[in-house]
1. Out of the residues in the stretch 40-95 meeting the condition of being free of Cβ contacts under 8 Å to residues at least 60 places away in the same chain and of a type in the set (Val, Ile, Thr), tell me which one is surrounded by the fewest Cβ atoms within 10 Å (Cβ to Cβ).
2. Among the numbered conditions (1) out of contact with any Lys or Arg (no Cβ under 8 Å at 6 or more places or on another chain); (2) surrounded by 20 or more Cβ atoms within 10 Å (Cβ to Cβ); (3) of a type in the set (Gly, Ala, Ser), tell me where Gly37 comes up short.
3. Quick one: how many residues across the stretch 4-25 are buried (at least 17 other Cβ atoms within 10 Å of the Cβ) and either free of Cβ contacts under 8 Å to residues at least 24 places away in the same chain or among the basic types (Lys, Arg) (or both)?
4. Could you tell me how many of the residues in the stretch 59-86 are of a type in the set (D, E, K, R) and under 16 Å from Ser2 (Cβ atoms)?
5. Is it the case that Glu103 is free of Cβ contacts under 8 Å to residues at least 24 places away in the same chain, over 17 Å from Ala135 (Cα atoms) and under 12 Å from the mean Cα position of the chain (by Cα)?
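Nothing in this text is a laboratory measurement; each read-out follows from the coordinates by a stated rule. Because the structure is predicted, anything quoted here is derived from the model rather than measured. Cβ sites come from the backbone with ideal geometry, for glycine too, and all protein chains shown count toward neighbours.
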Amino acid sequence: MSTFHLKIVSPDGVFFDGEAKQLSIRSIDGEIAVLKGHIPFLTAVAVGECRLYVNDGEVPKTAACCGGMLNVSDEEVLLAPTTFEWADDIDIERAEAAMSRAEALLQSASTDADRKIAKRKLERANLRIKVAKKA
């Protein structure tokens, strides 16, 4: 299988800059996989697990990826997430504490806007926990 150049860059820095076999990610329209030769494509990224395949036969490297954009061009693939965290770097205790805070916030929410914020925080915390426990 051929490779393509991939950059994963968030406001927190560069997470990957090199050759990849496949990138699987959740866009706002559903799960997508990018391989060499993918048509030019631009989409918003949803909250979901990112899987990066670098070498044939290897277990993919996984991350919690929330928001941002994915741009596939002839030259390279650019993933620019709002937040990105490799599974190995996730502190499960911290993620579980964030989940507890989000659940409490959801219970005490008095407006639709507060409930929406609490649900998003809960979704991110659950994703981080799921990704970390898979690693």
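1. Val59
2. If we test Gly37 against (1) out of contact with any Lys or Arg (no Cβ under 8 Å at 6 or more places or on another chain); (2) surrounded by 20 or more Cβ atoms within 10 Å (Cβ to Cβ); (3) of a type in the set (Gly, Ala, Ser), just (2) comes out false.
3. Number of matching residues: 1.
4. Final tally of qualifying residues: 3.
5. When the stated conditions are applied, Glu103 does not pass them.
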